[in-house]
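What follows is a single structure, written as C-alpha coordinates, with notes after it.
The values are calculated or read from the model by the stated rules, or taken from the named source; none is laboratory data. Note that the structure is predicted; figures quoted are calculated from it, not measured. All Cβ positions, glycine included, derive from the backbone under ideal geometry; neighbour counts span all protein chains shown. Protein only, heavy atoms only, side chains kept; ligands, DNA and RNA dropped before computing areas. Shrake-Rupley method; radii C 1.70, N 1.55, O 1.52, S 1.80 Å.
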Amino acid sequence: MRYSKRVGSMQASPVRKLVPYATAAKKKGIKVYHLNIGQPDIKTPEGFMKAIREFDEDVLAYADSVGSDDLLDAMIKYYKSYDMEFNHEELLITNGGSEALLFAMMTLCNPGENILVPEPFYTNYNGFATCVDVEINPITTLAENGFHLPAKEEILARVDEKTRAILLSNPGNPTGAIYTLEEMKMLAEIAIEKDLWIISDEVYREFVYDGLKYTSFGNLENVQDRVIIVDSVSKRYSACGARIGSLACKNKDFIAQVLKLCQGRLCVPTLEMVGSAELYKTPKSYLEEVNKEYCHRRDVLYDAIMEIPGVVCEKPTGAFYMQVKLPVENAEDFVIFMLNEFSHNGATTMATPAENFYATPGLGRDEVRLAYILNADDLKAAAECMKYGLEAYKAAGHK
(Lines give C-alpha, C1' and ligand atoms only; values in the text may rest on other atoms or scores of the structure.)
Protein backbone atom coordinates (compact mmCIF):
# COMPACT_ATOMS: atom_id res chain seq x y z
CA MET A 1 0.00 0.00 0.00
CA ARG A 2 1.18 3.51 -0.77
CA TYR A 3 1.28 6.57 1.48
CA SER A 4 1.56 10.25 0.61
CA LYS A 5 4.92 11.91 0.14
CA ARG A 6 3.67 14.47 2.64
CA VAL A 7 3.37 12.04 5.53
CA GLY A 8 6.45 10.12 4.43
CA SER A 9 8.58 13.25 4.67
CA MET A 10 7.36 14.11 8.17
CA GLN A 11 9.73 13.40 11.03
CA ALA A 12 8.67 11.41 14.06
CA SER A 13 8.45 13.61 17.14
CA PRO A 14 11.87 13.67 18.83
CA VAL A 15 10.01 14.41 22.06
CA ARG A 16 7.76 11.35 21.86
CA LYS A 17 9.42 8.78 19.59
CA LEU A 18 11.71 7.45 22.33
CA VAL A 19 8.85 6.89 24.79
CA PRO A 20 8.85 3.09 24.14
CA TYR A 21 12.41 2.97 25.55
CA ALA A 22 11.24 4.73 28.70
CA THR A 23 8.26 2.40 28.99
CA ALA A 24 10.58 -0.62 28.72
CA ALA A 25 12.87 0.82 31.40
CA LYS A 26 9.93 1.30 33.76
CA LYS A 27 8.83 -2.30 33.19
CA LYS A 28 12.28 -3.35 34.45
CA GLY A 29 11.61 -1.41 37.65
CA ILE A 30 13.77 1.59 36.78
CA LYS A 31 12.54 5.06 37.77
CA VAL A 32 12.71 7.47 34.84
CA TYR A 33 13.20 11.18 35.46
CA HIS A 34 11.32 12.75 32.55
CA LEU A 35 13.11 15.91 31.45
CA ASN A 36 12.11 15.22 27.85
CA ILE A 37 8.69 16.88 27.70
CA GLY A 38 7.14 20.13 28.90
CA GLN A 39 4.55 18.51 31.13
CA PRO A 40 4.58 20.53 34.38
CA ASP A 41 3.87 18.92 37.74
CA ILE A 42 2.46 22.23 39.00
CA LYS A 43 -1.14 21.89 40.19
CA THR A 44 -3.77 23.07 37.71
CA PRO A 45 -5.88 25.88 39.22
CA GLU A 46 -8.98 24.44 40.90
CA GLY A 47 -11.27 26.71 38.91
CA PHE A 48 -10.84 24.52 35.83
CA MET A 49 -12.05 21.31 37.47
CA LYS A 50 -14.76 23.08 39.47
CA ALA A 51 -16.27 24.70 36.38
CA ILE A 52 -16.50 21.37 34.59
CA ARG A 53 -17.99 19.60 37.62
CA GLU A 54 -20.66 22.29 37.85
CA PHE A 55 -21.50 22.23 34.12
CA ASP A 56 -25.23 21.54 33.97
CA GLU A 57 -26.73 21.27 30.51
CA ASP A 58 -29.11 18.63 29.17
CA VAL A 59 -27.22 18.39 25.86
CA LEU A 60 -23.51 18.67 25.24
CA ALA A 61 -23.89 20.62 22.02
CA TYR A 62 -21.55 21.96 19.37
CA ALA A 63 -19.94 25.24 20.33
CA ASP A 64 -19.45 28.16 17.97
CA SER A 65 -16.50 27.66 15.61
CA VAL A 66 -14.82 30.84 16.90
CA GLY A 67 -15.04 29.67 20.51
CA SER A 68 -17.36 30.37 23.43
CA ASP A 69 -18.23 33.93 24.44
CA ASP A 70 -17.24 33.27 28.05
CA LEU A 71 -13.75 32.15 27.08
CA LEU A 72 -13.30 34.97 24.57
CA ASP A 73 -14.39 37.53 27.17
CA ALA A 74 -11.96 36.10 29.72
CA MET A 75 -9.12 36.24 27.20
CA ILE A 76 -9.91 39.83 26.24
CA LYS A 77 -9.65 40.82 29.90
CA TYR A 78 -6.40 38.84 30.24
CA TYR A 79 -4.80 40.59 27.26
CA LYS A 80 -5.81 43.99 28.61
CA SER A 81 -3.59 43.28 31.61
CA TYR A 82 -0.70 43.21 29.10
CA ASP A 83 -1.81 46.43 27.40
CA MET A 84 -3.23 44.61 24.39
CA GLU A 85 -6.73 45.40 23.18
CA PHE A 86 -8.63 42.69 21.30
CA ASN A 87 -12.31 42.12 20.57
CA HIS A 88 -14.32 39.05 19.56
CA GLU A 89 -13.64 39.64 15.86
CA GLU A 90 -9.87 39.48 16.48
CA LEU A 91 -9.70 36.18 18.39
CA LEU A 92 -10.20 32.50 17.58
CA ILE A 93 -10.13 29.56 20.00
CA THR A 94 -8.22 26.56 18.66
CA ASN A 95 -7.50 22.97 19.63
CA GLY A 96 -4.31 23.83 21.44
CA GLY A 97 -1.52 26.11 20.27
CA SER A 98 -0.66 23.35 17.79
CA GLU A 99 -3.80 23.89 15.73
CA ALA A 100 -3.25 27.65 15.93
CA LEU A 101 0.21 27.24 14.40
CA LEU A 102 -1.00 24.83 11.74
CA PHE A 103 -3.93 27.03 10.75
CA ALA A 104 -1.69 30.11 10.56
CA MET A 105 0.70 28.32 8.20
CA MET A 106 -2.16 27.01 6.06
CA THR A 107 -3.65 30.49 5.79
CA LEU A 108 -0.46 32.38 4.96
CA CYS A 109 1.54 30.02 2.76
CA ASN A 110 1.16 28.19 -0.51
CA PRO A 111 2.97 24.87 -1.01
CA GLY A 112 6.67 25.48 -1.65
CA GLU A 113 6.78 28.79 0.20
CA ASN A 114 8.80 29.30 3.36
CA ILE A 115 8.78 30.79 6.84
CA LEU A 116 11.81 32.30 8.60
CA VAL A 117 12.41 30.63 11.98
CA PRO A 118 15.30 31.18 14.42
CA GLU A 119 16.92 27.82 15.16
CA PRO A 120 16.96 25.87 17.40
CA PHE A 121 13.15 25.95 17.40
CA TYR A 122 10.19 24.00 18.74
CA THR A 123 10.48 20.86 16.67
CA ASN A 124 6.77 20.67 15.81
CA TYR A 125 7.18 23.85 13.75
CA ASN A 126 8.92 21.63 11.24
CA GLY A 127 6.28 18.92 11.55
CA PHE A 128 3.41 21.32 10.99
CA ALA A 129 5.18 23.01 8.07
CA THR A 130 6.02 19.71 6.37
CA CYS A 131 2.44 18.46 6.46
CA VAL A 132 1.25 21.51 4.50
CA ASP A 133 4.28 21.57 2.14
CA VAL A 134 5.80 24.69 3.65
CA GLU A 135 9.55 24.98 4.22
CA ILE A 136 11.32 26.14 7.38
CA ASN A 137 13.91 28.76 6.43
CA PRO A 138 16.35 28.76 9.39
CA ILE A 139 18.04 31.71 11.07
CA THR A 140 20.86 30.13 13.08
CA THR A 141 21.38 31.40 16.62
CA LEU A 142 24.22 30.39 18.92
CA ALA A 143 24.52 29.48 22.59
CA GLU A 144 27.55 31.72 23.03
CA ASN A 145 25.33 34.66 22.05
CA GLY A 146 22.53 33.57 24.37
CA PHE A 147 20.59 32.35 21.29
CA HIS A 148 19.87 35.96 20.36
CA LEU A 149 19.29 36.98 16.77
CA PRO A 150 22.08 37.75 14.31
CA ALA A 151 22.41 41.12 12.59
CA LYS A 152 19.60 42.45 10.40
CA GLU A 153 21.69 41.98 7.24
CA GLU A 154 22.13 38.28 7.97
CA ILE A 155 18.39 37.79 8.42
CA LEU A 156 17.57 39.79 5.28
CA ALA A 157 19.93 37.52 3.34
CA ARG A 158 17.64 34.59 4.19
CA VAL A 159 14.56 36.28 2.71
CA ASP A 160 13.60 35.29 -0.83
CA GLU A 161 10.58 35.66 -3.10
CA LYS A 162 8.90 32.67 -1.43
CA THR A 163 9.25 33.91 2.17
CA ARG A 164 5.87 34.69 3.72
CA ALA A 165 6.38 35.06 7.46
CA ILE A 166 8.70 35.13 10.46
CA LEU A 167 7.83 32.60 13.17
CA LEU A 168 9.42 32.62 16.62
CA SER A 169 8.66 31.58 20.18
CA ASN A 170 9.24 34.22 22.82
CA PRO A 171 10.28 33.12 25.43
CA GLY A 172 12.07 30.52 23.38
CA ASN A 173 11.52 26.79 23.25
CA PRO A 174 14.00 25.05 23.50
CA THR A 175 16.48 27.81 24.32
CA GLY A 176 14.71 29.77 27.05
CA ALA A 177 15.89 32.98 25.38
CA ILE A 178 13.99 36.25 25.79
CA TYR A 179 14.21 38.53 22.76
CA THR A 180 15.06 42.15 23.50
CA LEU A 181 12.87 45.06 22.42
CA GLU A 182 15.61 46.04 19.97
CA GLU A 183 15.52 42.57 18.37
CA MET A 184 11.74 42.71 18.10
CA LYS A 185 11.86 46.14 16.47
CA MET A 186 14.43 44.81 14.02
CA LEU A 187 12.12 41.95 13.03
CA ALA A 188 9.24 44.41 12.73
CA GLU A 189 11.34 46.51 10.33
CA ILE A 190 12.13 43.43 8.25
CA ALA A 191 8.48 42.39 8.19
CA ILE A 192 7.44 45.84 6.92
CA GLU A 193 10.26 46.11 4.37
CA LYS A 194 9.66 42.63 2.95
CA ASP A 195 5.88 42.50 3.49
CA LEU A 196 6.02 39.52 5.86
CA TRP A 197 3.74 38.33 8.64
CA ILE A 198 5.02 37.81 12.18
CA ILE A 199 3.76 34.70 13.95
CA SER A 200 4.60 35.18 17.62
CA ASP A 201 4.31 32.03 19.74
CA GLU A 202 3.88 33.43 23.26
CA VAL A 203 2.71 30.42 25.26
CA TYR A 204 5.50 30.94 27.84
CA ARG A 205 4.76 34.66 28.34
CA GLU A 206 4.64 34.40 32.14
CA PHE A 207 7.94 32.55 32.50
CA VAL A 208 10.52 35.34 32.43
CA TYR A 209 13.34 35.47 34.99
CA ASP A 210 16.19 37.58 36.34
CA GLY A 211 14.20 40.80 36.30
CA LEU A 212 14.04 40.91 32.50
CA LYS A 213 11.24 42.91 30.90
CA TYR A 214 9.00 41.01 28.52
CA THR A 215 7.34 42.70 25.57
CA SER A 216 4.77 41.07 23.29
CA PHE A 217 4.72 41.66 19.56
CA GLY A 218 1.15 42.70 20.28
CA ASN A 219 2.60 45.80 21.96
CA LEU A 220 4.40 47.03 18.80
CA GLU A 221 2.04 49.51 17.21
CA ASN A 222 3.60 49.75 13.74
CA VAL A 223 3.02 46.07 12.86
CA GLN A 224 -0.41 45.42 14.31
CA ASP A 225 -1.83 44.53 10.89
CA ARG A 226 0.71 41.71 10.42
CA VAL A 227 1.24 40.26 13.92
CA ILE A 228 -0.40 36.93 14.78
CA ILE A 229 -0.19 35.84 18.42
CA VAL A 230 -0.32 32.12 19.18
CA ASP A 231 -1.32 31.30 22.75
CA SER A 232 -2.36 28.39 24.96
CA VAL A 233 -3.46 27.49 28.49
CA SER A 234 -1.22 24.40 28.51
CA LYS A 235 1.94 25.74 30.12
CA ARG A 236 0.64 28.93 31.71
CA TYR A 237 -1.92 27.14 33.85
CA SER A 238 -0.42 23.64 33.85
CA ALA A 239 -3.37 22.41 31.77
CA CYS A 240 -1.68 20.60 28.88
CA GLY A 241 -4.51 18.09 28.57
CA ALA A 242 -7.15 20.77 28.07
CA ARG A 243 -5.96 21.39 24.48
CA ILE A 244 -7.15 24.98 24.40
CA GLY A 245 -5.17 27.45 22.32
CA SER A 246 -5.89 30.63 20.43
CA LEU A 247 -5.00 33.02 17.64
CA ALA A 248 -5.12 36.78 18.21
CA CYS A 249 -4.69 39.27 15.37
CA LYS A 250 -5.80 42.85 14.74
CA ASN A 251 -6.05 42.02 11.04
CA LYS A 252 -9.70 40.98 10.82
CA ASP A 253 -9.30 39.65 7.29
CA PHE A 254 -6.72 37.13 8.53
CA ILE A 255 -9.16 36.02 11.25
CA ALA A 256 -11.92 35.67 8.65
CA GLN A 257 -9.72 33.44 6.50
CA VAL A 258 -8.71 31.20 9.41
CA LEU A 259 -12.35 30.97 10.46
CA LYS A 260 -13.00 28.88 7.34
CA LEU A 261 -10.61 26.26 8.72
CA CYS A 262 -12.22 26.50 12.15
CA GLN A 263 -15.63 25.92 10.61
CA GLY A 264 -14.28 22.89 8.76
CA ARG A 265 -13.29 21.22 12.03
CA LEU A 266 -16.59 22.42 13.57
CA CYS A 267 -15.56 23.50 17.08
CA VAL A 268 -13.27 23.18 20.07
CA PRO A 269 -14.52 20.87 22.89
CA THR A 270 -17.19 22.63 24.93
CA LEU A 271 -16.19 21.38 28.38
CA GLU A 272 -12.55 22.34 27.94
CA MET A 273 -13.65 25.87 27.04
CA VAL A 274 -15.86 25.99 30.13
CA GLY A 275 -12.89 25.09 32.31
CA SER A 276 -10.43 27.32 30.46
CA ALA A 277 -12.62 30.40 30.84
CA GLU A 278 -12.06 30.01 34.57
CA LEU A 279 -8.32 29.51 34.08
CA TYR A 280 -8.05 32.97 32.56
CA LYS A 281 -9.66 34.36 35.72
CA THR A 282 -6.94 32.82 37.92
CA PRO A 283 -5.36 35.46 40.21
CA LYS A 284 -1.97 36.75 39.09
CA SER A 285 -0.58 35.58 42.42
CA TYR A 286 -0.78 32.02 41.05
CA LEU A 287 1.38 32.92 38.06
CA GLU A 288 3.83 34.85 40.25
CA GLU A 289 4.32 31.84 42.52
CA VAL A 290 4.74 29.53 39.54
CA ASN A 291 7.34 31.90 38.10
CA LYS A 292 9.34 31.80 41.35
CA GLU A 293 9.18 28.01 41.42
CA TYR A 294 10.42 27.61 37.86
CA CYS A 295 13.19 30.12 38.44
CA HIS A 296 14.33 28.06 41.43
CA ARG A 297 14.15 24.84 39.42
CA ARG A 298 16.14 26.41 36.61
CA ASP A 299 18.89 27.40 39.03
CA VAL A 300 18.97 23.94 40.60
CA LEU A 301 19.21 22.08 37.30
CA TYR A 302 21.61 24.53 35.67
CA ASP A 303 24.02 24.43 38.61
CA ALA A 304 23.93 20.63 38.68
CA ILE A 305 24.36 20.26 34.91
CA MET A 306 27.30 22.64 34.81
CA GLU A 307 29.15 20.38 37.26
CA ILE A 308 29.27 17.65 34.60
CA PRO A 309 32.64 17.68 32.76
CA GLY A 310 32.42 18.69 29.10
CA VAL A 311 28.88 20.05 29.20
CA VAL A 312 28.13 23.44 27.61
CA CYS A 313 24.93 25.31 28.44
CA GLU A 314 23.75 28.92 28.29
CA LYS A 315 21.65 29.73 31.34
CA PRO A 316 18.09 30.31 30.08
CA THR A 317 16.15 33.43 31.04
CA GLY A 318 12.64 32.23 30.20
CA ALA A 319 10.25 29.29 29.55
CA PHE A 320 11.28 26.08 31.36
CA TYR A 321 13.81 24.50 29.03
CA MET A 322 17.55 24.57 28.54
CA GLN A 323 19.55 23.53 25.50
CA VAL A 324 22.59 21.49 26.55
CA LYS A 325 25.61 20.47 24.47
CA LEU A 326 26.96 17.12 25.65
CA PRO A 327 30.49 15.67 25.28
CA VAL A 328 29.17 13.01 22.87
CA GLU A 329 28.91 12.69 19.09
CA ASN A 330 25.32 11.47 19.00
CA ALA A 331 22.94 12.71 21.69
CA GLU A 332 20.07 10.47 20.57
CA ASP A 333 22.29 7.41 20.92
CA PHE A 334 23.21 8.57 24.43
CA VAL A 335 19.54 9.11 25.40
CA ILE A 336 18.70 5.58 24.24
CA PHE A 337 21.71 4.22 26.15
CA MET A 338 20.45 5.91 29.31
CA LEU A 339 17.07 4.20 28.94
CA ASN A 340 18.25 0.84 27.62
CA GLU A 341 21.48 0.12 29.44
CA PHE A 342 21.99 2.43 32.42
CA SER A 343 20.61 3.11 35.85
CA HIS A 344 21.98 4.81 38.96
CA ASN A 345 20.38 4.07 42.31
CA GLY A 346 17.58 2.40 40.40
CA ALA A 347 16.89 5.43 38.22
CA THR A 348 17.78 7.04 34.92
CA THR A 349 17.08 10.27 33.04
CA MET A 350 15.23 10.86 29.78
CA ALA A 351 16.18 13.91 27.71
CA THR A 352 15.10 15.04 24.24
CA PRO A 353 17.70 14.78 21.45
CA ALA A 354 17.97 18.22 19.86
CA GLU A 355 19.01 17.55 16.27
CA ASN A 356 15.43 17.93 15.05
CA PHE A 357 15.20 21.35 16.70
CA TYR A 358 17.35 22.56 13.80
CA ALA A 359 16.66 22.83 10.07
CA THR A 360 20.34 23.21 9.12
CA PRO A 361 21.81 19.71 8.56
CA GLY A 362 24.41 18.65 11.12
CA LEU A 363 23.48 21.10 13.85
CA GLY A 364 22.30 19.91 17.27
CA ARG A 365 23.49 16.32 16.88
CA ASP A 366 25.39 16.52 20.19
CA GLU A 367 22.70 18.49 22.05
CA VAL A 368 19.67 17.71 24.19
CA ARG A 369 16.79 19.77 25.51
CA LEU A 370 16.05 19.46 29.20
CA ALA A 371 12.72 20.57 30.71
CA TYR A 372 12.99 21.65 34.34
CA ILE A 373 9.44 20.64 35.19
CA LEU A 374 10.21 18.36 38.16
CA ASN A 375 10.73 19.28 41.80
CA ALA A 376 14.20 20.40 42.89
CA ASP A 377 15.19 17.08 44.50
CA ASP A 378 14.26 15.13 41.39
CA LEU A 379 16.15 17.58 39.20
CA LYS A 380 19.30 17.07 41.26
CA ALA A 381 18.88 13.30 41.03
CA ALA A 382 18.27 13.51 37.28
CA ALA A 383 21.44 15.55 36.75
CA GLU A 384 23.40 13.05 38.86
CA CYS A 385 22.10 10.23 36.65
CA MET A 386 23.27 12.13 33.56
CA LYS A 387 26.72 12.66 35.08
CA TYR A 388 27.25 8.98 35.86
CA GLY A 389 25.50 7.98 32.65
CA LEU A 390 27.99 9.95 30.57
CA GLU A 391 30.84 8.25 32.40
CA ALA A 392 29.32 4.81 31.74
CA TYR A 393 28.63 5.72 28.09
CA LYS A 394 32.27 6.63 27.54
CA ALA A 395 33.50 3.58 29.45
CA ALA A 396 31.39 1.38 27.14
CA GLY A 397 33.36 2.71 24.17
CA HIS A 398 30.86 5.22 22.84
CA LYS A 399 32.06 8.57 21.52
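Summary table below
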quantity: Inter-site label distance for Asn222 and Asp160 at 7 Å from Cα along Cβ, in nm; calculated: 2.9 nm
quantity: Solvent-accessible area per residue, Å², over the stretch 166-224 with all protein chains present [probe radius 1.4 Å]; calculated: 34 Å²
quantity: Dimensionless Rg/Rh of the stretch 46-280 - Kirkwood Rh, Rg from C-alpha atoms; calculated: 0.97
quantity: Karplus-derived HN-Hα couplings along the stretch 200-210 (A = 6.51, B = -1.76, C = 1.60, θ = phi - 60°), whole Hz, x at Gly and Pro; calculated: 9, 8, 10, 5, 9, 3, 7, 9, 10, 10, 6
quantity: On Cα atoms only, tilt of 270-279 relative to the major axis of the chain in degrees; calculated: 80 degrees
quantity: Ranked packing of 57-63, 365-371, 29-35, most packed first, by mean Cβ within 10 Å; calculated: 365-371, 29-35, 57-63
quantity: Dimensions (Å) - the chain, Cα atoms, principal axes, largest first; calculated: 61, 56, 54
quantity: FRET efficiency, 1/(1 + (r/R0)^6) with R0 25 Å, evaluated for Ser81 and Glu189 via beta carbons; calculated: 0.35
quantity: Theoretical gain in end-to-end length, Ser285 to Asp58 [0.36 nm per residue, Cα-Cα removed]; calculated: 78.1 nm
quantity: The chain - charge dipole about Cα centre, Lys and Arg +1 at Cβ, Asp and Glu -1, debye rounded to 20; calculated: 1180 debye
quantity: Over the stretch 120-239 - Rg/Rh using Cα atoms and the Kirkwood inverse-distance radius; calculated: 0.94
quantity: Exposure of Arg164 as accessible area (Å², to 10), given a probe of 1.4 Å and all protein chains; calculated: 70 Å²
quantity: Rounded to the nearest 20 debye, dipole of the stretch 126-211 from Cβ charges on Lys, Arg, Asp, Glu; calculated: 100 debye
quantity: Packing-based ranking, highest mean first, of 285-292, 230-237 given that Cβ atoms within 10 Å are counted; calculated: 230-237, 285-292
quantity: Carbon and sulfur %, accessible surface of the chain computed with the full protein complex present, 1.4 Å; calculated: 50 percent
quantity: Linear extension gain, Asp377 paired with Glu153, 0.36 nm per residue minus alpha-carbon span; calculated: 76.1 nm
quantity: Sequence-distant lysines (8 or more away, or on other chains) whose Cα lies within less than 26 Å of Lys28; calculated: Lys17, Lys380, Lys387, Lys394
quantity: Nearest-ten-degree value, helix 252-264 long axis tilted from longest Cα axis of the chain; calculated: 70 degrees
quantity: Centre separation in Å (Cα based) which lies between the stretch 93-141 and the stretch 313-366; calculated: 23 Å
quantity: Vicinal HN-Hα couplings computed from phi for the stretch 281-298 (Karplus, 6.51 cos²θ - 1.76 cosθ + 1.60; Hz; Gly/Pro x); calculated: 9, 4, x, 4, 4, 4, 5, 5, 5, 4, 4, 4, 5, 5, 4, 5, 5, 4
quantity: Estimated vicinal HN-Hα couplings, Hz - the stretch 34-40 in sequence order (Karplus 6.51, -1.76, 1.60; Gly, Pro = x); calculated: 7, 10, 8, 9, x, 9, x
quantity: Hits among lysines - C-alpha to C-alpha of Lys185 under 27 Å, sequence gap 8 or more where chains match; calculated: Lys77, Lys80, Lys152, Lys162, Lys194, Lys213, Lys235, Lys250, Lys252, Lys315
quantity: Residue list for the stretch 232-252, given a label point 7 angstrom along the Cα-to-Cβ vector of Asp70 and an amide N cut-off under 18 Å; calculated: 233, 242-245
quantity: The chain, relative contact order [Cα under 8 Å, separation at least 6], %; calculated: 25 percent
quantity: Between 0 and 90°, nearest 10: helix 181-194 axis offset from the chain longest Cα axis; calculated: 60 degrees
quantity: Principal axis dimensions, largest first and in whole angstrom, of the stretch 26-106 by Cα; calculated: 53, 37, 29
